[in-house]
């Protein structure tokens, strides 16, 4: 198949993922929970096994072959991550545990030392709790003000509201999901950066969803902080990324203290290593970095543009198939959206529906997807069932979901 | 597509889920407690009215939840009426064993009739992620009997 001139064969791609050939309760697995965590291609699994079988030791300062090889592999993962995001400098790439930890790192280190009381942090109504709670903690600790930019009924960031809330120049940081994990909305990132910078604010994007589906060009975007996580990008759990402008990292004190992040330690005081080591205390996720590198190589070889084109087609198909099912309400109809579909029904509680879909082999998430304020905003009390796509999702799977949603209504009637 | 789910969603459960019995506040309740399942956001409040003999004279609940948690709460209010606190605790223990294992070999013969009524919920034991839906109301019952205000199925 060819989309926009870029070839993408979803059937072939699916064969790269061992887990997808599995039967669940005797039915073909229809995995529609990639937004929570994506499945892993063989190349990622193999790279991690090979690292442990052939090239494993602790990194940095082990003056022997295996440690040097592991260090090289770890730093190569950093360089690959920088290239993946088109970041200006690999020293601006900090490995963390996940996106949540990366945001907490910024809130803790930059937020507590660079932001001043009287300044504000602004986030949106469509944030994941990971981009809300760290700012609540910062507010309690430091007395900064929190502002929340509204989301329109169609699920877009309300840019007029953003403009108004930036107007007094007190906002020090705009922290926004690049793509919503519930509405699928892709935020107009370039525009947000321009507006924020014009108002004197720095910008952090939670790219946990977006980095998986779109090419991110940090040099073009000019974001101050960008975070994403390995396990949603077909890589392993246990590794996330903070990409930041070096000038910010240099001004920030360490997040955690320990080995590997210092240059001089006496019993009385320590001197910090330069970034990114300053923010990577203790033994880092070595095998996970190798896995992330393999995942980045995998999606890069497929082509982020090809992946995006495939998913765009899939989203268009899903918008046709999932929007006219009786009793099903889709949250969010943003113009620019990715493959995340949260649905509330008038016939079943989200958990009952998810149990039903599971029996049909369909894996979806039920609840509020760590975005309780957003569900309140859209008047959904009990939660939604969320289907989220990966690069291996097919139109036939979307059709099967639509059919199951229709039959579920009969079941509960 | 979903035929084998009739074991879990038996007609009794769908019926009680759609039209829960005793779904009201008891303004003159002697005991009440809130139950919360933070995982899924299910929430209920259980009210008990005790008679002069110490037995549960009336039971009611309010809240929101899935079909299984609503049906379980509804059946609870029907089966605990007339029970002493001790009997209600015993019923609660038996029910939780039923929900977790599908059977209750050690259940008291005295509760046989009540357990029979609760039997349709036994199918939940095959769905580990849903057992808590069925037991939420019963945790809340224990909290109410013990004079606690909050119960969580976590």
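The values are calculated or read from the model by the stated rules, or taken from the named source; none is laboratory data. Only a predicted model underlies this, so the values are computations on that prediction, with no experimental measurement involved. Cβ coordinates were reconstructed from backbone atoms using ideal geometry, including for glycine residues, and neighbour counts include every protein chain displayed.
Does segment A:227-234 contain any residue that is crowded, with 24+ Cβ neighbours inside 10 Å, assigned by TED's automatic domain parsing to the domain that holds residue A:120, in contact (Cβ under 8 Å) with a residue 12 or more places away in the chain and part of a loop (DSSP other than H, G, I, E, B)? Yes, there is a match, as at least one residue in segment A:227-234 is crowded, with 24+ Cβ neighbours inside 10 Å, assigned by TED's automatic domain parsing to the domain that holds residue A:120, in contact (Cβ under 8 Å) with a residue 12 or more places away in the chain and part of a loop (DSSP other than H, G, I, E, B). Before we move on, is residue A:364 under 27 Å from residue A:302 (Cβ atoms) and away from chain B (no Cβ under 13 Å)? Here the answer is no, as residue A:364 does not meet what is asked.
Within the set A:402, A:366, the sole residue that is touching a helix residue (DSSP H, G or I) at 6+ places or on another chain (Cβ under 8 Å) and under 19 Å from residue A:38 (Cα atoms) turns out to be A:366.
When residue B:99 is tested against (1) buried (at least 20 other Cβ atoms within 10 Å of the Cβ); (2) in contact with a strand residue (DSSP E or B) (Cβ under 8 Å, 6 or more places away or on another chain), exactly one condition is not met: (2). Taking the conditions (1) within 14 Å of chain A (Cβ to nearest Cβ); (2) under 15 Å from the mean Cα position of the chain (by Cα); (3) closer than 18 Å to residue A:351 by Cβ in turn, residue B:126 satisfies each one other than (2). Here segment B:34-48 is the region considered, the condition is being touching a helix residue (DSSP H, G or I) at 6+ places or on another chain (Cβ under 6 Å) and within 14 Å of chain A (Cβ to nearest Cβ), and the residue that is surrounded by the fewest Cβ atoms within 10 Å (Cβ to Cβ) is B:37.
Restricting attention to segment A:136-177, the residues that are on the phi > 0 side of the Ramachandran plot and buried (at least 18 other Cβ atoms within 10 Å of the Cβ) total 1. Checked against (1) facing chain A (nearest Cβ under 9 Å); (2) at pLDDT 95 or above; (3) surrounded by fewer than 23 Cβ atoms within 10 Å (Cβ to Cβ), residue B:70 meets all criteria but (3).
The conditions of being outside any loop (DSSP other than H, G, I, E, B) and touching a strand residue (DSSP E or B) at 6+ places or on another chain (Cβ under 8 Å) are not met by residue A:183.
Is it fair to say residue B:136 is within 14 Å of chain A (Cβ to nearest Cβ), in a strand (DSSP E or B) and within 20 Å of residue A:348 (Cα to Cα)? The answer is no for residue B:136.
Residues considered: A:314, A:249, A:242, A:292. Of these, the only one that is part of a strand (DSSP E or B), in contact (Cβ under 8 Å) with a residue 24 or more places away in the chain and buried (at least 17 other Cβ atoms within 10 Å of the Cβ) is A:242.
From the set of residues in segment A:342-353 that are crowded, with 24+ Cβ neighbours inside 10 Å and more than 8 Å from chain B (Cβ to nearest Cβ), which is farthest from the chain's Cα centre (by Cα)?
Here the answer is A:353.
Listed by first and then second residue, the pairs with beta-carbon distance under 6 Å, at least 6 apart or on different chains, first residue in segment B:1-12 and at the interface with chain A (Cβ under 7 Å from one of its Cβ atoms) and farther than 16 Å from residue B:99 by Cα, second assigned to a loop (DSSP other than H, G, I, E, B) and at pLDDT 85 or above, are B:1/A:360. Could you list, in sequence order, all residues of segment A:320-338 that are surrounded by 16 or more Cβ atoms within 10 Å (Cβ to Cβ) and either over 21 Å from the mean Cα position of the chain (by Cα) or farther than 14 Å from residue A:389 by Cβ (or both)? Passing the criteria: A:321, A:322, A:325, A:327, A:328, A:330, A:331, A:332, A:333, A:334. When segment A:186-207 is limited to residues that are within 28 Å of residue A:308 (Cα to Cα) and part of a loop (DSSP other than H, G, I, E, B), the one that is farthest from the chain's Cα centre (by Cα) turns out to be A:188.
For segment B:49-67, a residue qualifies if it is modelled with pLDDT of 95 or more and within 14 Å of chain A (Cβ to nearest Cβ), and exactly one does: B:62.
Restricting attention to segment A:381-413, the residues being more than 14 Å from chain B (Cβ to nearest Cβ), touching a strand residue (DSSP E or B) at 6+ places or on another chain (Cβ under 6 Å) and buried (at least 24 other Cβ atoms within 10 Å of the Cβ) number 2. Name the one entry in A:391, A:357 that is outside the structural domain of residue A:230 (by TED's automatic domain parsing) and either more than 23 Å from the chain's Cα centre (by Cα) or closer than 18 Å to residue A:24 by Cβ (or both). Checking each option against the conditions leaves just A:357.
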